[in-house]
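For reference, the structure is listed below as structure tokens.
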Amino acid sequence: EDQVTQSPEALRLQEGESSSLNCSYTVSGLRGLFWYRQDPGKGPEFLFTLYSAGEEKEKERLKATLTKKESFLHITAPKPEDSATYLCAVQASSNYGQNFVFGPGTRLSVLP
Amino acid sequence: DSGVTQTPKHLITATGQRVTLRCSPRSGDLSVYWYQQSLDQGLQFLIQYYNGEERAKGNILERFSAQQFPDLHSELNLSSLELGDSALYFCASSPRQGAYEQYFGPGTRLTVT
């Protein structure tokens, strides 16, 4: 069964305090790993796609990396506006075509 | 603004009723996905359509059905509603099949009383 777990469940940082969020996955055939940001009551907003182990993507204060079993979202010198829930998702091949599995998310709070 | 629109924003209905949620994808996007997000289950994939045809199925109940029309808009039909169906329902779109990012709409909040 395809599974995605994320840790920590919640994270509080001071402004400027860098940290990393973890996403661990177990899938039968990984086609892509995605990071999204979700603000309360809104739809997820796309951040990154990673396709193969060793791949890295960067955008402003965020950097995503991928290994064979997990992905990390590094946040460098975060600002209060980075506060949100960060979701990791995988697209996997399955007997029924494709499967899209989201993790439970990490709720990030950045304090000024 | 992702360019994906969903109507209605809020829906309150009673158990046993039937509702239809509507989604218009971003201009040019051929794939549409439906998700259910509840507090205890997180974001759950329901179903995907590509250019009018069903392409993938997730944890969609038999009481739920969807379709994508020739103009590419999609509808999710929920019938014999139960209290546990109360959730946020999101539609997302992407330009092609394959492993591409999805752009999510603002969601429809369904409350079943």
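General remarks:
- Meets criteria (closer than 29 Å to A:S52 by Cα, buried (at least 18 other Cβ atoms within 10 Å of the Cβ) and either touching a residue at least 60 places away in the same chain (Cβ under 8 Å) or in contact with a helix residue (DSSP H, G or I) (Cβ under 7 Å, 6 or more places away or on another chain) (or both)) for B:V19: no
- One residue stands out in the stretch A:86-95 among those that are at pLDDT 95 or above and more than 10 Å from every other protein chain (Cβ to nearest Cβ): the one that is surrounded by the most Cβ atoms within 10 Å (Cβ to Cβ), namely A:C88.
- If you go through the stretch A:96-112 and keep only what is assigned to a strand (DSSP E or B) and more than 9 Å from every other protein chain (Cβ to nearest Cβ), you end up with A:T106, A:R107, A:L108, A:S109, A:V110, A:L111.
- Here the condition is being away from every other protein chain (no Cβ under 12 Å), closer than 21 Å to B:Y35 by Cα, out of contact with any Gly (no Cβ under 6 Å at 6 or more places or on another chain) and without any contact (Cβ under 8 Å) to a residue 60 or more places away in the chain; of A:T26, A:T67, it holds for A:T26 alone.
- Residues in the stretch A:1-20 that are surrounded by 17 or more Cβ atoms within 10 Å (Cβ to Cβ), of a type outside the set (V, I, T) and within 14 Å of A:F102 (Cβ to Cβ): A:D2, A:Q6.
- Only one of the numbered conditions (1) closer than 22 Å to B:L43 by Cα; (2) β-branched (V, I, T); (3) out of contact with any Asp or Glu (no Cβ under 6 Å at 6 or more places or on another chain) is violated by A:I75, and that is (1).
- Unique match (being more than 16 Å from A:T5 (Cβ to Cβ), at the interface with another protein chain (Cβ under 8 Å from one of its Cβ atoms) and assigned to a strand (DSSP E or B)) among A:F34, A:F46: A:F46
- Test set (1) away from chain B (no Cβ under 11 Å); (2) surrounded by 13 or more Cβ atoms within 10 Å (Cβ to Cβ); (3) at pLDDT below 95 - A:I75 fails condition number: (3)
- Failed item, numbered, when A:P40 is tested on (1) assigned to a loop (DSSP other than H, G, I, E, B); (2) more than 14 Å from chain B (Cβ to nearest Cβ); (3) under 17 Å from A:T85 (Cβ atoms): (2)
- Evaluation of B:Q97 against (1) of a type in the set (S, T, N, Q); (2) within 14 Å of chain A (Cβ to nearest Cβ); (3) outside any loop (DSSP other than H, G, I, E, B) (one fails), failing number: (3)
- Considering only residues in the stretch B:44-66 that are among the polar types (S, T, N, Q) and away from chain A (no Cβ under 11 Å), the one that is farthest from B:L76 (Cα to Cα) turns out to be B:N51.
- Residue match in the stretch A:87-102 (condition: of a type outside the set (A, V, I, L, M, F, W, C) and under 13 Å from A:N22 (Cα atoms)): no
- Among all residues of the stretch B:57-72, there is at least one that is modelled with pLDDT under 95 and part of a strand (DSSP E or B).
The values are calculated or read from the model by the stated rules, or taken from the named source; none is laboratory data. Remember, it's a predicted structure, so these values are computed and weren't measured experimentally. When we count neighbours, we look across all protein chains shown, and the Cβ atoms used for this are built from the backbone with ideal geometry, even at glycine.
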